[in-house]
Every structure is written in structure tokens, then in C-alpha cells.
1. Given the residues A:110, A:167, which is the only one that is more than 15 Å from the chain's Cα centre (by Cα), over 25 Å from residue B:64 (Cβ atoms) and away from every other protein chain (no Cβ under 11 Å)?
2. Condition check: out of contact with any strand residue (DSSP E or B) (no Cβ under 8 Å at 6 or more places or on another chain) and either within 11 Å of chain A (Cβ to nearest Cβ) or part of a loop (DSSP other than H, G, I, E, B) (or both). Does residue B:27 satisfy that?
3. Looking only at region A:116-159, how many residues end up being in a loop (DSSP other than H, G, I, E, B) and within 11 Å of chain B (Cβ to nearest Cβ)?
4. Do we have any residue at all in region A:96-104 that's within 15 Å of the chain's Cα centre (by Cα), without any contact (Cβ under 8 Å) to a residue 60 or more places away in the chain and at the interface with chain B (Cβ under 7 Å from one of its Cβ atoms)?
5. Of the conditions (1) more than 7 Å from chain B (Cβ to nearest Cβ); (2) in a loop (DSSP other than H, G, I, E, B), residue A:87 clears all except one; give me its number.
6. Identify all residues within region A:171-187 that are under 16 Å from the mean Cα position of the chain (by Cα) and buried (at least 21 other Cβ atoms within 10 Å of the Cβ); write none if there are none.
7. Tell me yes or no: at least one residue of region A:72-79 is assigned to a loop (DSSP other than H, G, I, E, B) and under 18 Å from residue A:36 (Cα atoms).
8. Among (1) assigned to a strand (DSSP E or B); (2) touching a residue at least 60 places away in the same chain (Cβ under 8 Å), there is one condition residue B:202 misses while meeting the rest; what is its number?
């Protein structure tokens, strides 16, 4: 008889005492060749910064692999210390920053391919459950046009998931509610 | 510049025979907008999330913990020169999935207020005393059976500004990774017999009373340590797998 899942509760305003790691923002060690800063702001329904959010990222490596037993393809061993997971609390201006490598494309359902993407989780006071979204890359126009998840969104929603290029990486703002509301995903 | 494609040109998700995770019953989870919990009014998205099938990113996840957990990280009473004030308790349980299978070697992170109901966080302005012998942070890895065990003191209830005379019931925050991105869970555990449940919108946001009850730990007389600590049991159920692999 399947058991029901434990319910979610908000992370609350004081999570930084428990969930801060010195190496949290480093999905890849500093100085790794090709490392990119993913920066953005989390904003609420009034357009104000959310200074107490937690942003986490999870993604494939640049070869599109996961160092995980449920990726049956193997070949994910790397020498550069890539972890695939980043965690960053927002500051007083709602800003987060995670250092990562650009992921490779992945196989998708129906024999297609998924465009390179990063799965993003957002937790905060005032969020009773995690919010999930994805970040896509602006230079991957052809791959994005064929991506099975982006295909399910209208143009305005799709645009909220494509990052913009910056000098040292990418910019990806997360608008929780209202104007320009980020498209969130139920995984 | 297009990137290299991993996995070979013909490796589809169907050929990979990935298994996704079961969706939760909505009655078992809180909604995002729950106006009685005031902070949700400006933070809950207006649009329902788009349901997407599980692919490689969702069925994998960070398997962290090795090298990240020290031998005393599970014991929140032994991190300072002296012991903290308050009722010493053991909090223990198993992390399993929806099919009852243990989730071994997974990282559990916890944080809580002290026995007076004060967090060791600059943002907590509640005028209850800080305890120099208590930070309120712990972590452990579940064992081969999914078991975990923390030693701490029972946190106090604390007032917050949500509504007039609002108090959070005593609670411990838990964060779990599980095996997959789809299983990630942050929740709170509560203590049996707390008189504050009825006025708490965070707990009451969960629609089904049976689901709410899953967040209340049980007093566990078998795990009490005579002359030393009371014990409470709290099992965590993460999402179970779908019965069949993902196919077209």
C-alpha cells in the first residue's frame, strides 16, 4: 500500500543558520576553466526584492552526464570537481549567485533532445512548497526551439526561462508573482 | 555556440528506461497561496505550475554528504563549551519512500530555535534569551536502513507577526535531498499535544487533517534514554517511484 508523502512546509526566515555552506555557491570550484557566474534577483508580487530566499541549482555536466546511479549512460567521472549542485541564499537586494559550468544537451522523451538547461529550486518564507523552474541559454536558439518543455509554454512564459548573457556568465531573475511572473514547473 | 550532445545521437529517454516519481495527492501538500499565512499573499505565483514529465535532470540529484558531516554534527547539545538549557531530546526516525523502501546515505539538515524560542539568527528579534551553548544546527546522513538520529533540546514556541497573538508551535526544520531532484523536501516537525496547532496557518495550510498529522512526531518511550533524554520519533516519506518506466 503506497504511503503518502510527508507534507512540505515553508523554509522560514532563519534557514541561513542551517543551510549555509561555505562552498554552497560553487557547483564547480572557483578558477575552473569555463566557470560561469549565474546571477539574478528574486522579486515578489510588489516587485520588491526577496532578501530571504534560497536558490538551488541542479544540472548535467558539460557532456550532458549526471554522476548518479539513475543515469544509466555512465561516463560522468570528471577531474574538475564539478558537483552539479549549487546553493545560494539571496542578499538584502534579493540577489543570488552560483558558479557553474554550462550543461550539455540531454536526451529527451520521444527520441528528441532537451536543450541545455539547469533545474532551479526556490525556497522562502511565504512559500509553503518549493518552486521549481528551469534556466535555458540564450545562444541555444535552435535547441531551445526544439526543447520539449519550452514547447509547452506560451511565448511570454517561455521568455521568462531564457537567461541573458553577462560579462562573466548569465543573468536569470526570478519573479515569484505578477508582472513577468517566472514560469514555474510541477516536477 | 551549440554544445556537444551527450549520450549519443540515438539515446532517447525511452531507451534509457528512466523511472519517474509519483505525483503527490494535492490534499497532502499545502497550496502556494494560503491567505491566512500572510507572507504567501505576495510570494505565491498566480499561475498554476506546468506539469512536466520526469527526465534525467529530475530523476538524478546531488548525492552529497560524504565529507560534509562531522562526528558530532548530529548532536546539537555538544557544539559549545557547555550544554544548552532545555529538555534534552532524541529525535529519530527513518527516511523511506512511498513504497516503504529506505533512502540510505541521504543528507538530512536541521535547524531550530533554542528552548526559549529564540533563533541564533540576526533576524530574530523576539526578546527571549539567546543560549551561548546553543546554535541550533545539525546534520547527519541516514544509515543503510534510512535511519537518522539527532540529539537536541526541545525548541520553544515563538511569537511572530502573522496575526494578532500569533505563535508558531514548537518545531524543528528539516531539509532532505533524497535520491533525486524530484524528491527534494523541506518541512517542519512538530511535537504531540502542542496547544498552538489550531492557530497556526503554516500547519493548517495542509488541506487533509491526516496529512497534517504526519508532521507531528510521536513520543517514543522505547528510545528515551533513562536519566538523560526523552525521545520523539519522526519518519519522513519521500516520493516513491512510478510503477512503469517513462515511455511515450
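The values are calculated or read from the model by the stated rules, or taken from the named source; none is laboratory data. Keep in mind that this is a model prediction, so the values were computed, not measured. Glycine also receives a Cβ, built like all others from the backbone with ideal geometry; neighbour counts cover every protein chain displayed.
1. Values: A:110 fails: away from every other protein chain (no Cβ under 11 Å).
Matching residue, one of A:110, A:167: A:167.
2. Values: out of contact with any strand residue (DSSP E or B) (no Cβ under 8 Å at 6 or more places or on another chain): yes; either within 11 Å of chain A (Cβ to nearest Cβ) or part of a loop (DSSP other than H, G, I, E, B) (or both): yes.
For residue B:27, the condition - out of contact with any strand residue (DSSP E or B) (no Cβ under 8 Å at 6 or more places or on another chain) and either within 11 Å of chain A (Cβ to nearest Cβ) or part of a loop (DSSP other than H, G, I, E, B) (or both) - is met.
3. Just the residues of region A:116-159 that are in a loop (DSSP other than H, G, I, E, B), to begin with: A:116, A:125-130, A:137-140, A:146-149, A:153-154.
Now narrow it down to the ones that are within 11 Å of chain B (Cβ to nearest Cβ): A:116, A:125-130, A:137, A:139-140, A:147-149, A:153-154.
Count: 15.
4. Scanning region A:96-104 turns up at least one residue that is within 15 Å of the chain's Cα centre (by Cα), without any contact (Cβ under 8 Å) to a residue 60 or more places away in the chain and at the interface with chain B (Cβ under 7 Å from one of its Cβ atoms).
5. (2)
6. A:172, A:174, A:176, A:182, A:183, A:184, A:187
7. Pass one, region A:72-79, residues assigned to a loop (DSSP other than H, G, I, E, B): A:72-79.
Still in the list and also under 18 Å from residue A:36 (Cα atoms): A:78-79.
Scanning region A:72-79, I find at least one residue that is assigned to a loop (DSSP other than H, G, I, E, B) and under 18 Å from residue A:36 (Cα atoms), so the answer is yes.
8. (1)
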